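Participant: Dropping a structure here in structure tokens format, bear with me for questions.
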Amino acid sequence: MEFSPDTPWQKVLDSVRRWARINSPWAIHYNSGSCNGCDIEILATLTPRYDLERFGVKLQGSPRHADILICTGPVTRQSRERLLRIYEQMPDPKFVVAVGSCGLSGGAFRGCYNIVGDISEVVPVDVFIPGCPPRPEAIIFGVVKLLESLKKGKAEVAAFSEGVHA
Amino acid sequence: MDSEGLIQTAVELLAPWTLKVNRPEENRVDVFVAPDHLKDAVKAIVRAQWGYFSALTGLDQPPAEEGATEGTIEALYHFCRGPVVLSIRTSVPYSNPVIESICDVIPSATLYERELMEMFGVVIPGTPSTDRLLLADDWPEGVYPLRKSFTGFGEQKLEEADGNAA
Amino acid sequence: METQRKFIVPIGPQHPALKEPGHFQFTVDGEIVTDASVRLGYVHRGIEKGAESRNWTQNLYLFERICGICSHVHATALAIGVERLAGVQAPPRAQAIRILMAELERIHSHLLWLGVAAHEGGFDTLFMYSWRDREIVMDLLESLSGNRVNYSVNLIGGVKFDVEDKHRDAILRGLDTLEERTRHYLNVVTTDRTFLARTRGVGTMSREQAELFGTVGPTARASGVARDVRVDAPYEAYTQFPVNLVTDERGDLMARFVVRTKELFESYRLIREILDHLPAGELTVRVPRKIPAGETVSRVEAPRGELFYFIKSNGGEKPERIKVRTPSLCNWASVMQVAVGHKLADMPMILSGIDPCFSCNDRMVLIDRGSSAQVWSWDELRRYGIEYYKKL
């Protein structure tokens, strides 16, 4: 996908890229029972064509070092406990991105006996990226949106702390 | 050997235990046996190397409205050879849903037997593992999701459902 | 085996009694696996039950989402079965389009697997290259169907869209590029020394074992078992466009790589032939909303092997029962048997070798050493294998 330098999209990418170089968020990916469609598209964002890592987002394995939890799937009964545990192990401030229709409402599986559906019934969700699955560009857009609010979030926390200790 | 020949061979192999034979489609033959003879029938097919064990389907036949007949579970053991599908079928009543394991004849059948047990409540003596395969560890005992009587946990959240399972 | 203490166990305390719902449990004696078992269930959604409260058309959308990698074959298996119960067949052009999409799906799936399996062994460059090339197929799938994943090709009675000349040209161009790239991959999997060290003679399954364990798909064919539903029981337009079986006699992990890579060439050939001889005509045939009562078995060849559907109608708008047996279920049984006697370090590659249709990156592994048990993440097991072979 080619971007011309002056599109609004490109401006967004530039500002985020600047920010991300200073604060590199680490993300962890969790599949709560999805069909893998979303997971494959998330994995695709790491490949050269989309390259999520140029925004400084690093996908790694440990919840203890993660700022962002990228979660797919409609939360099956067996995976629910695990999801909670991962969320609890993440340090504050932490953010959750729900990728795919399943994590929004259960998607095609709404009503099936072994799923919760909406991920925010299990952990708080900051960004929902709808789609079945959402394309890599949409996933990146959603994550970028989150990074902007993450930046705001950290600035607010910092300002508050300064106020307290002043 | 052509399809008709294959089907005739299978029918002959299973003759000693056959209750009924159906030809639902050109490439399919259904042979009905009593649960006590299921293992013998499977052994005959395997010894003759007639085909490979492909799938195990469970069918719930709930009790008739009037309550005159008891509910039964039918198990279909599907064997494939070329285009031909042989289904060895046996029925067990809810009150005694016992089918002997075929795992000493076909070791890989353990996964299929685990699924049949947890989904339909069939009891399979001699099966090497009774661990849950698909259902969660905390799934309530005695609840068999693929029986028609199970209608889900309703609007309740999954964790509240245990005391109110169907 | 004190050396693996260097790995951090990220989840919970180490405790012999801790029954973390691990996907896999390996009992090891020293470095050797003495017992292996698998526990599925993380992706169990209750689809077969859900099918009973959806009508036949809604179920096409549901079953397509059993797996995001091989979604089209699921919908195709369902559509074919329902059409059979209704006593109809999709028109020839629709049948050809169905298998055209199926072969494109096989290509994307095999390339995906190639990258993922390479990643499991630490060959990240191969992962990046194969996934970059895979984007060619993703673009083709999208231009034909409108979506990269879940193409929703099928209707009960036919297909939703046509293949036009512009598609044909784009596909042929894409295939030319892919074919050249695939020649390179075949070269890597057959000659690269570090790759061969992890695959040649590893995870060997004899033909007898493959037959006994009920293995299907490329995993079976890599052990010399000539089993492929497109050949054994040709369905849809495979009767018009026959498939040449790809098998290998060695039965080891390398053979599984070789078979899938060679199958790519066969898919390229098939697609070219289908495009050259696409039958003219309608795309759909009328099918009633209520499907006549009856039972049918529908078998198709997914990228991972035989997909088995048992479909029962009671004459209504909703199915009485749909039973799905995915190829991976067959192959799990075989890989669990094969794992015994192998090194723990070989587990990631052996497990990936069957192209398992779940890619929860979060698979947990329970390593049981008798006196103690540890829970590892899949990533740790993967890194363990890579480190082990680096030291050799």
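Participant: If you count the DSSP beta bridges with both ends in the protein assembly as shown, what percent of them are antiparallel, to the nearest 5?
Facilitator: The antiparallel proportion sits near 70 percent.
Participant: In addition: For the pairs B:Lys39/C:Lys290; B:Lys39/B:Lys148; A:Lys58/C:Lys160, flag any whose C-alpha to C-alpha distance is greater than 30 Å.
Facilitator: Listed pairs above 30 Å: B:Lys39/C:Lys290; A:Lys58/C:Lys160.
Participant: Any chance you could run the full-extension gain for C:Gln89 through C:Ala197? It's 0.36 nm times the residue separation minus the Cα-Cα distance, nm to one decimal. Please report the intermediate quantities before stating the final value.
Facilitator: Numbers: separation 108, 0.36 × 108 = 38.88 nm, distance 4.92 nm.
Length gained, C:Gln89 through C:Ala197: 34.0 nm.
Participant: Using a cut-off of 15 Å between beta-carbons, work out the net charge of the residues near B:Arg28 (Lys and Arg +1, Asp and Glu -1, B:Arg28 not included). Working shown, then result.
Facilitator: On the way: positive: B:Lys20, B:Arg23, B:Arg81, B:Arg89, C:Arg84, C:Arg299, C:Lys312, C:Lys323; negative: B:Asp2, B:Glu4, B:Glu25, B:Glu26, B:Asp30, C:Asp232, C:Glu295.
That sum, taken over residues with Cβ under 15 Å, equals +1.
Participant: Where does each of A:98-108, C:273-283 land if you order them by average Cβ count within 10 Å, highest first?
Facilitator: On the way: A:98-108: 25.5, C:273-283: 13.5.
Listed from highest to lowest mean packing, they are A:98-108, C:273-283.
Participant: Can you pull the mean other chain C-beta count within 10 Å for peptide B:40-52?
Facilitator: Working: counts 0, 0, 0, 0, 0, 0, 1, 0, 0, 1, 0, 0, 12.
So the per-residue partner count for this stretch is 1.
Participant: Under a Cβ-only charge scheme (Lys and Arg +1, Asp and Glu -1), can you give me the dipole magnitude of chain C about the Cα centre, in debye to the nearest 20?
Facilitator: 580
Participant: Using a Förster radius of 41 Å, what is the FRET efficiency between C:Asp169 and B:Glu4 based on their Cβ-Cβ separation? Nearest 0.05, please. The partial results should precede the final answer.
Facilitator: Numbers: r = 45 Å, r/R0 = 1.11.
Efficiency, rounded to the nearest 0.05: 0.35.
Participant: Pick out, from C:Ala118, C:Val216, C:Tyr129, the residue whose Cα sits farthest towards the positive end of the charge dipole of the stretch C:47-325, with +1 on the Cβ of Lys and Arg and -1 on the Cβ of Asp and Glu.
Facilitator: Going by the Cα projections, it comes out as C:Val216.
Participant: Also, I was wondering about something else. Any idea which of C:Ile66, A:Pro48, B:Ala44 is furthest toward the positive side of the dipole for the protein assembly as shown, if Lys and Arg beta-carbons carry +1 and Asp and Glu beta-carbons -1?
Facilitator: Among C:Ile66, A:Pro48, B:Ala44, the one farthest towards the positive end of the dipole of the protein assembly as shown is A:Pro48.
Participant: If Lys and Arg each add +1 and Asp and Glu each add -1, what is the summed charge of the other residues whose beta carbon sits under 11 Å from the beta carbon of C:Val243? Please report the intermediate quantities before stating the final value.
Facilitator: Details: positive: C:Arg106, C:Arg230, C:Arg269; negative: C:Glu103, C:Asp228, C:Asp232, C:Glu263, C:Glu266, C:Glu273, C:Glu301.
With Lys, Arg at +1 and Asp, Glu at -1, the neighbours total -4.
Participant: Please determine, in degrees from 0 to 90 and to the nearest 10, the orientation of helix C:327-339 with respect to the longest principal axis defined by the Cα atoms of chain C, where the helix direction is its Cα long axis.
Facilitator: That works out to roughly 20 degrees.
Participant: Further question: Expressed as a whole number of Å, what is the distance separating the alpha-carbon centroids of the stretch A:19-83 and the stretch B:2-36?
Facilitator: Going from one Cα centre to the other spans 51 Å.
Participant: How would you rank C:97-107, C:156-166, highest first, on the average number of other Cβ atoms within 10 Å across their residues? Mind showing how you got there, number by number?
Facilitator: Details: C:97-107: 25.2, C:156-166: 16.6.
With the highest mean Cβ count within 10 Å placed first, the list reads C:97-107, C:156-166.
Participant: Averaged across B:22-35, how many Cβ atoms of other chains sit within 10 Å of each residue's Cβ atom? Mind dumping the intermediate values first?
Facilitator: Working: counts 1, 0, 4, 6, 0, 3, 3, 0, 1, 0, 0, 0, 0, 0.
Going residue by residue through B:22-35 and averaging, the value is 1.
Participant: Place a +1 charge on the Cβ of each Lys and Arg in chain B and a -1 charge on the Cβ of each Asp and Glu, then give the dipole magnitude about the Cα centre in debye, rounded to the nearest 20.
Facilitator: It comes to approximately 660 debye.
Participant: Can you classify the protein assembly as shown as rounded, prolate or oblate using the Cα gyration tensor, where a ≥ b ≥ c are the square roots of its eigenvalues, rounded means a/c under 1.5, and otherwise it's prolate if a/b beats b/c and oblate if not? Don't jump to the answer; show the numbers that get you there.
Facilitator: On the way: a/c = 1.44, a/b = 1.31, b/c = 1.10.
Judged from the Cα gyration tensor, the protein assembly as shown comes out rounded (a/c under 1.5).
Participant: Local charge sum around C:Ile32 (other residues, Cβ-Cβ under 15 Å, Lys/Arg +1, Asp/Glu -1)?
Facilitator: Working: positive: C:Lys343, C:Arg369; negative: C:Asp29, C:Glu31, C:Asp35, C:Asp346, C:Asp368.
Once positives and negatives cancel, what remains is -3.
Participant: Then there's this: What distance in nm separates the two pseudo spin-label positions at B:Ala68 and A:Glu121, each 7 Å out from Cα along the beta-carbon direction?
Facilitator: So the two model labels end up 4.2 nm from each other.
Participant: I would also like to ask the following. Below 8 Å, C-alpha to C-alpha, sequence gap of six or more: please give me the relative contact order for the stretch B:56-150 in percent. Write out the running numbers ahead of the final one.
Facilitator: Details: 149 pairs, mean separation 22.6, N = 95.
Relative contact order, the stretch B:56-150: 24 percent.
Participant: Inside 10 Å of the C-beta atoms of C:295-302, what's the mean count of C-beta atoms belonging to other chains? Spell out each step's value before the answer.
Facilitator: Values: counts 9, 4, 12, 1, 7, 0, 0, 0.
Per-residue shielding by partner chains comes out at 4.
Participant: Tell me the mean residue ellipticity at 222 nm calculated for the protein assembly as shown from its helices only (DSSP H runs of n ≥ 4, each -39500 (n - 2.57), averaged over every residue, nearest 500). Walk me through the numbers on the way to the answer.
Facilitator: On the way: 22 runs with 291 residues, N = 724.
Result for the protein assembly as shown: -13000 deg cm²/dmol, rounded to the nearest 500.
Participant: Given contacts defined as C-alpha pairs under 8 Å and at least six residues apart, what's the relative contact order of chain C, whole-number percent? Don't skip to the end; give the middle numbers.
Facilitator: Details: 722 pairs, mean separation 107.4, N = 392.
Rounded, it is 27 percent for chain C.
Participant: Continuing with the same structure: Counting alpha carbon pairs within less than 8 Å and at least 6 residues apart, what relative contact order, in whole percent, applies to chain B?
Facilitator: Working: 281 pairs, mean separation 29.2, N = 166.
RCO, chain B: 18 percent.
Participant: Taking the mean number of other Cβ atoms within 10 Å as a proxy for protection, how do you rank C:240-248, A:135-143, C:295-303 from highest to lowest?
Facilitator: Numbers: C:240-248: 16.8, A:135-143: 20.2, C:295-303: 24.4.
Ranking the peptides C:240-248, A:135-143, C:295-303 by packing returns C:295-303, A:135-143, C:240-248.
Participant: Which FRET efficiency, nearest 0.05, do C:Ala226 and C:Val340 yield, Cβ-Cβ r, R0 22 Å? Provide the component values of the computation, followed by the final result.
Facilitator: Working: r = 26 Å, r/R0 = 1.19.
Efficiency computed from Cβ-Cβ geometry: 0.25.
Only the coordinates and a few stated rules stand behind these numbers; no lab work does. Model, not experiment: these values are computed from the prediction. Note that each Cβ is placed from the backbone with ideal geometry, even for glycine, and that neighbours are counted across all protein chains shown.
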